[in-house]
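Everything below concerns the one structure shown next.
The values are calculated or read from the model by the stated rules, or taken from the named source; none is laboratory data. The model shown is predicted, which means the values in this text are computed figures rather than measured ones. So basically every Cβ, Gly included, is an ideal-geometry build from the backbone, and we count neighbours across all protein chains shown. Heavy atoms of the whole protein, side chains included, go into the accessibility calculation; ligands, DNA and RNA do not. Shrake-Rupley method; radii C 1.70, N 1.55, O 1.52, S 1.80 Å.
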Amino acid sequence: ETRSASMASGVLTMMLAAGVRAVTHRPVSSTAWRSASVMLAPSRVSASRLRGGIVSMSSAASTRDLVSTALAVPSADVHFSTAPTSASEWTGDLLVALVSQSESDEAVHAELSSELNALDAMLDGTLAAVIADSGFKGKPGDSKVITLPPKYGVKRVALVGVGKKPAADAPVSAALGAGLKWGAAVAAMAKAEKATTASVALAAGTSAAEIQAAMEALYVGVCSDERFKDMHPEALKTAEERALKLKSVQLLGAPSDGEAALAKALGMAKAVVLCKAMVNAPANYLTPTMMALTAQRIAKENGLAIEVLEKEQCEALGMGSYLGVSQGAIEPLKFIHMTYKPDGPISKRIAYVGKGLTFDSGGYNIKAGAGSLIELMKFDMGGAAAVIGAAQAIGALRPAGVEVHFIVAACENMVSSRAMRPGDILTASNGKTIEVLNTDAEGRLTLADALVYAEKLGGEEGLDAIVDVATLTGAVIVALGDKYAGLWSSSDKLSAAISGAATGTGELLWRMPLAAEYGDQIKSSIADLKNVGGRGGSSISAALFLKEFVKEAPWAHLDIAGTVWANGPTGYGVRTLYRLAEEAPNTEFKEPKKDKK
């Protein structure tokens with residue numbers, strides 16, 4: 001018996017040394033947690049050997065190494081400005097005329113506004129003739145490009161339909177939707193026509209909000225992700241032929257606040273492009289290490305504080321749930337925490353938590369068969385990309401009065417001899433034990449420890465809000481499709497604030513029930529929780545699982561599994577997260593405390 005006990009003790013010691021953390025973790029006290037977080041935070045990301053990709057073969061401009069390619073972000077050297085010049089006086093490559101649809105559905109074609117009539121007169125009636133001959137009605141999506149003789153000083157005029165003018169009391173989302181559409185149309189035309197200079201003749205009364213939405217869409221539209229093409233010298237000519245020629249875009253007839261809208265549009269657009277680039281990068285390029293290095297660059301360029309915790313630091317903080325997911329991978333985990341503090345007083349403190357699975361194989365419950373989307377599981381870090389994109393936007397545009405924390409528990413979920421197994425029990429950093437019934441429900445395991453970490457940042461006063469963003473469940477796609485994200489929240493006020501922020505950016509979401517009736521689905525007979533519930537309502541039970549790791553702070557969960565990808569990355573979430581932070585100082589997230597009887 002003594003020998004057996006000794007052998008058992010030795011086996012346990014080896015298990016712990018190998019990183020098997022079952023029920024051995026105890027909750028970490030606030031004092032110990034703070035000490036570990038401060039003392040163990042490394043000053044820089046420790047690099048790991050990365051696999052795959054292109055390594056530098058020479059100093060030739062055509063070869064790119066894996067690290068620089070992974071860290072690169074597509075961009076466009078385009079200057080946006082407003083100009084007092086009228087459309088009839090402007091000269092350049094491409095003049096875009098926004099044409100409204102007639103209020104009468106019986107109209108045969110669109111009618112030119114007074115501003116465009118002056119342009120048409122300069123062009124000897126060309127626009128009116130083309131509109132009449134082609135039956136151009138000005139509906140959203142309608143477009144027509146006209147090549148002009150050199151005598152006019154404009155190479156091409158493009159007619160772009162913007163639909164009927166919104167009513168005076170129409171919601172701001174109508175203007176945003178219109179701006180996003182014509183901005184994307186202008187981007188496509190500028191690329192197709194290889195224009196170097198372009199202008200847009202705005203309709204009278206165009207709002208700053210519509211201008212911002214349009215210019216965001218335009219910038220995002222002209223940025224092409226070419227990082228993984230033309231990696232050999234012979235392809236340089238092809239790359240040059242595809243390169244964007246556009247250098248300037250002028251807005252004609254912009255309102256007085258047009259310049260401010262342009263500056264904000266550029267800051268937001270670059271953040272969305274960053275998000276899209278991260279989601280689009282394959283997993284052998286965007287590893288957890290590369291994500292951490294990207295975050296460090298964003299922090300340095302935008303005046304944010306950053307800590308990146310390594311495996312040892314996460315062990316010290318008792319993050320057994322997160323560690324359990326990561327232990328099967330060759331790539332080391334990286335726990336990323338960035339902080340934005342504004343100039344001046346702080347009235348609100350919030351935290352954004354993004355799911356950061358740079359690749360999800362499903363683990364031992366491996367994704368297999370048609371429809372598993374394993375080949376697209378590079379996008380399982382879409383929540384992290386949205387959070388890091390929001391960090392760039394907030395750092396660049398610097399909203400007042402709000403402190404924001406950006407947290408990502410980055411890792412891979414892989415199959416190996418060290419990987420967690422179905423039936424394992426993990427212990428999260430709040431002491432709750434979790435029975436792993438399905439290793440492909442891993443995102444919630446990483447978010448569990450990240451949420452605990454986030455809430456502890458609030459100290460005694462507590463954070464005003466915590467929002468997590470995750471590509472969490474396929475069930476939300478079944479429920480809401482690929483246009484709407486699902487929103488769950490413990491706070492009606494926070495839910496309303498997020499919904500309002502989304503409406504103000506054009507991003508779509510729908511509040512879903514945080515139904516306590518489904519709570520039994522995540523109860524385990526041998527642990528505190530299990531990581532999956534039943535098939536029905538599984539996106540709800542996933543949200544209920546996350547709620548177990550937030551004690552008191554107002555909390556919301558955005559499931560963006562459907563909206564993260566639409567024949568390519570969408571950049572979803574960046575705009576809403578920025579808008580929520582910008583409006584936070586004037587928003588009350590916390591519910592009034594109930595009087596104790």
Q: Any of Lys264/Lys334; Lys483/Lys530; Lys155/Lys191; Lys523/Lys593 with alpha carbons more than 20 Å apart? Name them for me.
A: Lys264/Lys334; Lys483/Lys530; Lys523/Lys593
**Q.** Sequence-separation-based contact order of region 515-597, relative, with Cα cut under 8 Å and 6+ spacing, percent
**A.** 18 percent
Q) Hey, if you put +1 on the Cβ of every Lys and Arg and -1 on every Asp and Glu Cβ in the chain, which of Gly462, Thr147, Ala485 ends up farthest toward the positive end of that dipole? A) Gly462
Q. Any idea which of Tyr578, Gly92, Gly431 is furthest toward the positive side of the dipole for the chain, if Lys and Arg beta-carbons carry +1 and Asp and Glu beta-carbons -1?
A. Gly431
**Q.** Cα-based Kirkwood hydrodynamic radius, region 500-597, one decimal, Å
**A.** 16.1 Å
Q) In percent, what relative contact order does region 214-355 have, based on Cα pairs under 8 Å that are 6 or more apart in sequence? A) 23 percent
Q: Would you work out which of Thr287, Val415, Ser224 lies farthest towards the positive end of the dipole of the chain, given +1 charges on the beta-carbon of Lys and Arg and -1 on that of Asp and Glu, about the Cα centre?
A: Val415
Q. Treating the beta-carbon of each Lys and Arg as +1 and of each Asp and Glu as -1, no other charges, what is the dipole magnitude of region 338-456 about its Cα centre, to the nearest 20 debye?
A. 320 debye
Q. In a Debye calculation with equal point scatterers on the alpha-carbon sites of region 57-173 and no solvent, what is log10 I(q)/I(0) at q = 0.11, 0.22 Å⁻¹?
A. -0.54, -1.28
Q) What is the helix-to-structure angle for 492-503, meaning the angle in degrees between its Cα long axis and the longest Cα principal axis of the chain, kept from 0 to 90 and rounded to the nearest 10? A) 40 degrees
Q.
Looking at region 302-444 only, what percent of DSSP beta bridges run antiparallel? Nearest 5 please.
A. 55 percent
Q. How large, in percent, is the carbon and sulfur part of the accessible surface of region 187-338 at a probe radius of 1.4 Å?
A. 55 percent
**Q.** Packing-based order for 366-375, 131-140, using average beta carbon neighbours within 10 Å, highest first
**A.** 131-140, 366-375
**Q.** Nitroxide proxy distance, nm - points 7 Å out along Cα→Cβ at Lys144 and Ala204
**A.** 2.3 nm
Q: Just subtract the alpha-carbon distance of Tyr152 and Asp77 from 0.36 nm times their residue separation and send over the number in nm, one decimal.
A: 24.3 nm
**Q.** Cα-centre dipole for the chain with unit charges at Cβ (Lys and Arg positive, Asp and Glu negative), debye to 20
**A.** 1160 debye
Q) Dipole of region 116-218, Cα-centred, from +1 at each Lys and Arg C-beta and -1 at each Asp and Glu C-beta, to the nearest 20 debye? A) 240 debye
Q: Rounded to the nearest 10 degrees, what's the angle between the helix 443-456 long axis and the longest principal axis of the chain, both from Cα atoms, 0 to 90?
A: 90 degrees
Q: Within the set of other residues whose C-beta is less than 13 Å from the C-beta of Ala118, count the net charge using Lys and Arg as +1 and Asp and Glu as -1.
A: -4
Q | Gain in span if fully extended, Phe228 to Lys590, counting 0.36 nm per residue against the direct Cα distance | A | 125.7 nm
Q) Can you pull the percent of region 357-410's accessible area that's carbon plus sulfur, 1.4 Å probe, other chains left in place? A) 61 percent
Q.
Can you give the local net charge around Met268? Use residues other than it whose beta-carbon is closer than 9 angstrom to its beta-carbon, Lys and Arg +1, Asp and Glu -1.
A. +2
Q. Where a Cα-Cα gap under 23 Å defines reach, which lysines qualify for Lys590, not counting those fewer than 8 residues away within the same chain?
A. Lys341, Lys348, Lys456, Lys493, Lys547, Lys551
Q: For region 460-548, calculate the relative contact order in percent as a whole number, restricting contacts to Cα pairs under 8 Å that are 6 or more residues apart.
A: 28 percent
Q) Against the longest alpha carbon principal axis of the chain, how many degrees, from 0 to 90 and to the nearest 10, is the axis of helix 258-280 turned? A) 50 degrees
Q. Which of the peptides 556-569, 179-192, 402-415 is most tightly packed, and how do the rest follow, going by the mean number of other Cβ atoms within 10 Å of each residue?
A. 402-415, 556-569, 179-192
(Q) I need the peptides 218-227, 441-450, 379-388 ranked by packing, meaning the mean over residues of other C-beta atoms within 10 angstrom, with the highest value on top. (A) 379-388, 441-450, 218-227
Q) Per residue, how many Å² of accessible area does the chain show with a 1.4 Å probe? A) 43 Å²
Q: Could you please report the charge total around Ala87, scoring K, R as +1 and D, E as -1 over all other residues with beta-carbon less than 13 angstrom from its beta-carbon?
A: -3
